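Shown next, in C-alpha cells, is the structure this report addresses.
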Amino acid sequence: MTKAKPGVDKNLSNVVEDLDQTAVNSHQANQLQQKRNDRRHWDEINHQHTVDLEHPHS
C-alpha cells in the first residue's frame, strides 16, 4: 500500500495502485479482472439513486 501524502486521498491512491497492476499470467489476469468487477458492483450498490418526483414511473 502507498504511504499517505498530505492532501492526497489514501483510498483513491490505493485504488489507482490496484488498477495499475499488470498480470504475469492468465490466472492472475482473471483475478485482477474479477477484483475490478467486484469493485464496480459494490460502487453500483452503494450509489444512491435519485428519484425523479416530476416524472414518476407508472
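Taking the options Val16, Val8, name whichever one is assigned to a loop (DSSP other than H, G, I, E, B) and modelled with pLDDT of 80 or more. Just a single option satisfies the conditions, and that option is Val8. Considering the stretch 19-41, and only residues there that are surrounded by 10 or more Cβ atoms within 10 Å (Cβ to Cβ) and of a type in the set (A, V, I, L, M, F, W, C), the residue that is modelled with the lowest pLDDT turns out to be Leu19.
The values are calculated or read from the model by the stated rules, or taken from the named source; none is laboratory data. Note that the coordinates shown come from a computational prediction; the quantities given were computed from them, not determined experimentally. As a convention, Cβ positions derive from the backbone with ideal geometry for all residues, glycine included, and neighbour counts pool all protein chains shown.
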